[in-house]
Each structure stands twice: as C-alpha cells, then as structure tokens.
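Okay, structure first, notes after.
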Amino acid sequence: MVELFQSELTIENLAIIEDVHYGDVYLNISPAQFLGLGFAYGDSVDIELSNGLCYEDLPFYDGYYGRLGDVLLCGYKKYSYIALALCQGSMWLKYAFDESVTARVSLRSKGKYLRTQELMGREYSWNPADYDCSFCFANFRVLKGGYIKPGTFYRGASPCNNRHGRAKFVDEIISNIGIKYILDLADNESEVARYFASSDYDSPYFLKLCQDKQVAFPDLQNEFASAKYKDDLGRALKELIKHEGPFYIHCIEGKDRTGFVCALLEAFMGASLKEIEADYMLTYMDYFGVTKESEPETYALLYELKFLDIALCIAGVHNEKQLANAKLMLSARRYLMECGLTFDEWSKLWYLLSGGIKTHTYSD
C-alpha cells in the first residue's frame, strides 16, 4: 500500500517492478500520478530502498539526461511507471534487485535541475509538414568522413517501429535508395512480428527484407561499455559483412544506439573527432533545430550529456582533455576486436565501408 505524507511530499512503500528491456527499476506509480502529487520535472529527490540503497539529491527528468553511470529518476510522460535508472547501464542487474524491495521517495529541492530539464526536455513534432524535408523528419543521412565512401552506409529512424509516426516515411526512403541490408539495433524478431501484425503497419520494403533474411537484430541496450553490448554488436557485424550493401543502421529515433554505432564506424574509418561530433549532433538539428550557433547553451549540454561519453569510450580515454591526442582509428579497431571481430572480419568491414579501398595501415 502506498502512503503519502503531504507535509513532506514523501511517498512510502512503493513497490518496484523490473524493466525487462532496459534494466531500470520501475516504481509502481505513473508519471501522471507522481506529478499530480506535487513533484515536478527538474526537482531534486531522495530515494531510500528497503534493500539498503539510498540516493540523495537525484534529478527527476522526463528523459535520460545524464552521463555514463549517473543515477536519476526518469518519468517518460507516456510510460506506465517512473523509473530509477542507471544511465547506460542496468540498475536492476547491478544491484541484484528483486520485487520484494520497496521504495521511499521524498522531495529534496524544488526546481534544482529545472534548467537541464528545460534545455533537454523539449518535444519534437510527429508531423512531417513541420520539417524542411522528409530526410529531416526521418533523421536520415549517409555516413561519411575519413575513408568512408558515401552511399555505402546510411543511418536514421526506424522503418518498422511507428511509435513516432516515421516508419512509413523511412521505409519509402530506404526503398528508393535500394538498401539491401539493415542493422536494426532496437528490436528483436518477436517485436518486429508484432509490428507486422498491427493493423496500421505500412512498411512493405522492410517486411520484404525481413522475409529475405536481410535484417540483423542485435537488440542493443545503451550499455556501450559493457561486455554484453560488445558481444551482441560483434555478432551482428559478423553477419553484416556476409552481405552486400548499401546498408542501413537504425534504432527507434536514430539517435542514441545508432549514434554510438555510427560514431564507432566513423572513427574506425578515420573520421576526425569534429566530423564524428558533427554527424552525431545533426540528429538534434533535424529534430529540434539545435545548432552550436543557434543555441550554444543547449548544444554544449547535449555534447556533455549525450556525445562526450561516446567519444571517450571509443577513444579509450578517461577525460575530455585526452581526446585531442587520442588515436581514434586505432582505438576503434581495438573496440571492434573486443566485440570479437578478427583481423579478416574487420578488414572486410573496412572494405564495405570504403567501397573497395584496401585496409588502411595502422601505426602507433
């Protein structure tokens, strides 16, 4: 039974539920209910768990606005529960939760993290008429930089998950381009089967590629530094190199999981850090109109919370100062080897990305 003490704005005895897909710890209360009690996005909260874990001064956001390893309370507006989340990690697995645990949530400070919420929490339009072109609406673009041959690999939003109304548009684009193989980072085969069975499913090209076994489903989470992530990605890339392109890489929005994998491939192919950053941040220009010139404060925060840890992970360094001297090609190759790719396999991947150029010779 949930108990609320209005004088302290505290909720006690909240049951927890496992988020089986992302590994978060759901608290058994919806975002709407939580907000209705007096909490607000941008507030600071304290959380005590009956298993002995305690967190003070956590931000409450409507998204995952944190660095690698940060803990926060997340309340996606359309979700059924709020979540105690570990950014780029599984809170449930890390602390061996079980559903006997209960939670106590207390307001600590009103609006302490409101500025971050305001800058990061904006919503984008689901109406294609609000965008400059269908490519922007689909967050669709070609990979480029370094030795990548334009037209070999593309990236963007999902052509099958229509959560944001984009699937049909993406499907038409990849059909027109003639995509031959897809790396679907977000789904597994059972999820895709549910999309196919939906009455409003309207992505025939993706369906045909699935039927022809031209889609890989690594079903990645956001734990890009974990061994499981590397194993899952490695298996998918080993399968991809057996096929012919052009290739398409997507998750749901083409933002986070797609952003990491494409940054990794760009670094592997010799793109500069500036080129990789520019490609990653194009998503926020497509969806929100954010550029370094138009909104420098928002851009800087997006760089810090979204891109920086990706760059550090790929470069194999620990802080931003070390990025300037990082050897991205070499470190990206090392990451791919940690994914299980052999010399012959990553050489084939290079060959596909370059459009037939021989493997670049690395040096220390």
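Relative to the longest principal Cα axis of the chain, at what angle does helix 227-240 sit, 0 to 90 degrees, rounded to 10?
Value to nearest ten degrees: 30.
For region 116-186 and region 260-285, compute the distance between their C-alpha centroids and round to whole Å.
When both Cα centres are located, 15 Å separates them.
Using only the alpha-carbon atoms, how far is helix 328-338 inclined from the longest principal axis of the chain? Give it as 0 to 90 degrees, nearest 10.
It works out to around 80 degrees.
Can you give the alpha-carbon Rg of region 50-121 over 2.2 N^0.38 Å, where N counts its residues?
On the way: Rg = 12.6 Å, N = 72, 2.2 N^0.38 = 11.2 Å.
Its radius of gyration relative to the 2.2 N^0.38 Å reference: 1.13.
Which distance in nm do the two modelled labels at Leu53 and Leu323 give, with both placed 7 Å along the Cα-to-Cβ direction?
2.9 nm
Accessible area per residue, 1.4 Å probe, Å², for the chain: what's the number?
Result: 45 Å² of accessible area for each residue.
Pick from Pro296, Pro31, Pro59 the residue whose mean-square fluctuation is largest in a GNM of the chain, springs joining Cα atoms under 10 Å.
Pro296
Name the long-range amide H neighbours of Thr102: under 5 Å, sequence gap of 5 or more, or other chain; modelled H, no Pro or chain starts.
Here the answer is Ser50, Asn51, since their amide H atoms fall under 5 Å of that of Thr102.
How much of the accessible area of the chain, probe 1.4 Å, is carbon plus sulfur, in whole percent?
Details: 8410 of 16400 Å².
Within the chain, the accessible surface is 51 percent carbon and sulfur.
Working from Cα positions, state the angle (0 to 90°, nearest 10) between the long axis of helix 273-288 and the longest principal axis of the chain.
Tilt relative to the chain: about 60 degrees.
The values are calculated or read from the model by the stated rules, or taken from the named source; none is laboratory data. Keep in mind it's a predicted model, so treat the numbers as computed, not measured. No Cβ is skipped: glycine too gets one built from the backbone with ideal geometry, and neighbour counts run over all protein chains shown. Ligands, DNA and RNA are stripped out before the accessible areas are found, and what is left, the full protein with its side chains, is counted by its heavy atoms. Shrake-Rupley method; radii C 1.70, N 1.55, O 1.52, S 1.80 Å.
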